[in-house]
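*Asks:* Dropping a structure here in structure tokens format, bear with me for questions.
The values are calculated or read from the model by the stated rules, or taken from the named source; none is laboratory data. Just so it is clear, the structure is predicted and the values come from calculations on it, not from any experiment. As a convention, Cβ positions derive from the backbone with ideal geometry for all residues, glycine included, and neighbour counts pool all protein chains shown. Calculation scope for accessible area: heavy atoms of the full protein, side chains included, ligands and nucleic acids excluded. Shrake-Rupley method; radii C 1.70, N 1.55, O 1.52, S 1.80 Å.
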Amino acid sequence: MEIVLSGIRSTGHLHLGNYYGALRNYIKMQDNFNCFFFIADLHSLTTHPHPDDFHAGVRTILAEYLASGLDPQKSAIFVQSDVPEILELYILLNMISYKGELERTTSFKDKIRQQPDNVNAGLLTYPVLMASDILIHRANLVPVGKDQEQHLEMARVLARRFNTFYNSEVFPEPKAFNFGDDLVKVPGLDGSGKMGKSEGNGVYLCDDEKSIRKKVMKAVTDAGPTEHNSEMPEPVANLFTLLKIVSDQSTVEEFTNSYNNCTIRYGDLKKQLAEDICKQTLPIKARIEEIYKDEEYLRKVVKRGTDLARESAQATLKEVRKAVGFRSFLSSDD
Ligand code: ADP
Ligand code: TRP
């Protein structure tokens, strides 16, 4: 069975971008693959979260994963920092990752711009840690949104390079995965770009009905089309992209037609969009709080997931160490 792995950083609540770009695919894949899903708490340290908030951040994502439908009986669900094998692989992959290629990564260049006073080495080697997350389980498929394409490419390069460098076949080349043809990019409601935690333009799985309506009704639009079949400006196209994601086909067709013949009323479009978002997210919201509070259940889920993840990681690391040439004086294993 092919191996699937993915994770989300513990940097706040999950939004529609996380859900449709990543999480919904995790849920769909659970029945047909050997799945590992985790919370990337180490990756979230690049932005220096306060120690008092750190654990709550991890617990939030865990509760939101489970409330969305990740099933601990089907998938190994774990926290990155509970699997130290990832970090040993990270050190080893760092030795075959080069400063130039890491500096050229788009996400690194973005971060330098966003946080010029905190350009730490963890930011530079972020893709190496991510490659370690993936390769430690020898994953074949990685469900992620479009923004992670370049990081996935780096994981593929490192898998190939390791195999060549150490004349081995330890790692398969992982592929980014989405059902549909393309990786998804969920836009924000502010007119341009993607929905993101740091962009402040998100609709969250934990939002209540009122705030969802409010956010959607406030979305940027324009004065409306004046010529038949005219091209949509980006903010309007973004609303249609969201509609295509959450609504059924006939609704999308109805509004596309009314846009094309200039009878569209953006108020109606937004009302429908808010309603369809609520239909998808409110049942999830209803489960989050209860799961968050159930410490015993969360502990059980993570215990099972961590045991599975460490077993898989240790098997890979054994091969890796052999390939690199380690032979311990402390064990007779060879
Ligand atoms: P954020 O970008 O909000 O900080 P993360 O970087 O932790 O969230 O992303 C976790 C997962 O969600 C990744 O697989 C990423 O590709 C996906 N994702 C995040 N935002 C979007 C978006 N707007 N559209 C599609 N996928 C997204
Ligand atoms: N970098 C990913 C993001 O920001 C999170 C992540 C860390 C990840 N390690 C991963 C995703 C391994 C997939 C596989 O979204």
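*Asks:* Measure nothing fancy, just the Cα-based angle from helix 149-165's long axis to the longest principal axis of the chain, in degrees from 0 to 90, nearest 10.
*Replies:* 20
*Asks:* Oh, and also: If I stretch the segment between N32 and S258 completely, what's the gain in nm (0.36 nm per residue apart, minus their alpha carbon distance), one decimal?
*Replies:* 77.3 nm
*Asks:* When the chain is treated as a GNM, springs tying every alpha-carbon pair under 10 Å, which of L14, L308, L129 comes out with the largest mean-square fluctuation?
*Replies:* Top of the fluctuation ranking is L308.
*Asks:* Here's something else I'd like to know. Taking H placed 1.01 Å from N in the peptide plane, check which residues at least 5 places from R9 or on another chain put their amide H under 5 Å from its amide H.
*Replies:* When sequence neighbours closer than 5 places are left aside, the close amide H contacts are A40.
*Asks:* In angstroms, what radius of gyration and Dmax does segment 163-260 have, counting Cα atoms only?
*Replies:* For segment 163-260, the Cα-based Rg and Dmax read 19.1, 64 Å.
*Asks:* Additional query: How many angstrom separate the Cα center of segment 188-207 from the Cα center of segment 305-332?
*Replies:* Segment 188-207 and segment 305-332 have Cα centres spaced 41 Å from each other.
*Asks:* Assign one of three labels to segment 184-334, namely rounded, prolate or oblate, based on the Cα gyration tensor with a ≥ b ≥ c the square roots of its eigenvalues; rounded applies when a/c is under 1.5, prolate when it is not and a/b is larger than b/c, and oblate otherwise.
*Replies:* Working: a/c = 3.81, a/b = 2.22, b/c = 1.72.
Prolate, because a/c is 1.5 or more and a/b exceeds b/c.
*Asks:* Turning to a different aspect of this structure: Dividing the Cα radius of gyration by the Kirkwood radius, what Rg/Rh value follows for segment 1-147?
*Replies:* Result: Rg/Rh = 0.95.
*Asks:* Moving on to the next point. What does a probe at A237 reach in segment 173-216, counting residues whose amide N is under 16 Å from the point 7 Å along Cα→Cβ?
*Replies:* Counting backbone N atoms under 16 Å from the label point, the list is 184-195.
*Asks:* Can you tell which of H15, G57, M195 lies farthest toward the positive end of the dipole of the chain, using +1 and -1 charges on the Cβ of basic and acidic side chains (Lys, Arg; Asp, Glu)?
*Replies:* Most positive-ward Cα: G57.
*Asks:* For segment 253-267 and segment 151-173, what is the centre-to-centre distance using only Cα atoms, to the nearest Å?
*Replies:* Computed from Cα coordinates, the inter-centre distance equals 49 Å.
*Asks:* In percent, how large is the relative contact order of the chain, given Cα pairs closer than 8 Å and 6 or more residues apart?
*Replies:* Rounded, it is 24 percent for the chain.
*Asks:* For the chain, with only Lys/Arg (+1) and Asp/Glu (-1) charged at the beta-carbon, what is the dipole magnitude about the Cα centre, in debye rounded to 20?
*Replies:* 320
*Asks:* Still on this structure, I have one more. I need the P(r) histogram for segment 209-289: all alpha carbon pairs, bin width 10 Å from 0 out to the longest distance, whole percents.
*Replies:* P(r) for segment 209-289, in whole percents per bin: 18, 50, 24, 7, 1.
*Asks:* Moving on. How far is helix 126-135 tilted off the main Cα axis of the chain, in degrees rounded to 10, range 0 to 90?
*Replies:* Between the helix axis and the principal axis of the chain, the angle is about 70 degrees.
*Asks:* What accessible area per residue comes out for segment 209-289, rounded to a whole number of Å², with a 1.4 Å probe?
*Replies:* Values: 4690 Å² over 81 residues.
Roughly 58 Å² per residue, with all protein chains present.
*Asks:* Of the options V186, Q280, S312, report the single residue whose Cα projects farthest towards the positive end of the charge dipole of the chain (beta-carbon charges: Lys, Arg +1; Asp, Glu -1).
*Replies:* Checking the options against the dipole of the chain, the answer is S312.
*Asks:* Over segment 209-289, calculate the relative contact order: mean separation of alpha carbon pairs under 8 Å at least 6 apart, over the residue count, as a percent.
*Replies:* With pairs under 8 Å counted, the relative contact order is 45 percent.
*Asks:* Where is the GNM fluctuation largest for the chain (alpha-carbon springs, 10 angstrom cutoff): A323, A56, A223?
*Replies:* A223
*Asks:* Next up: Let me know the charge dipole size of segment 258-313 about its Cα centre in debye, to the nearest 20, where only the beta-carbon of Lys, Arg (+1) and Asp, Glu (-1) is charged.
*Replies:* 80
*Asks:* Give me the extension gain from R104 to S211: residue separation times 0.36 nm, minus the current Cα-Cα distance, reported in nm with one decimal. Walk me through the intermediate numbers first.
*Replies:* Working: separation 107, 0.36 × 107 = 38.52 nm, distance 3.90 nm.
Result: 34.6 nm gained on full extension.
*Asks:* Roughly to the nearest percent, how much of the accessible area of the chain is carbon and sulfur, given a 1.4 Å probe?
*Replies:* 50
*Asks:* Please state the charge dipole magnitude for segment 194-285, taken about the Cα centre, from unit charges on C-beta atoms (+1 on K and R, -1 on D and E), reported in debye and rounded to the nearest 20.
*Replies:* So the magnitude is around 480 debye.
*Asks:* Same structure, new question: Measure out, as a whole number of angstrom, how far apart the alpha-carbon centroids of segment 112-131 and segment 1-74 sit.
*Replies:* 21
*Asks:* With everything on Cα atoms, drop me the angle between helix 295-324 and the longest principal axis of the chain, reported from 0 to 90° to the nearest 10.
*Replies:* Once rounded, the angle reads 50 degrees.
*Asks:* Would you work out the Kirkwood radius for the chain? I mean one over the mean of 1/r across all pairs of different Cα atoms, in Å. Spell out each step's value before the answer.
*Replies:* Working: mean 1/r = 0.0466 Å⁻¹.
Mean inverse Cα-Cα distance, inverted, gives 21.5 Å.
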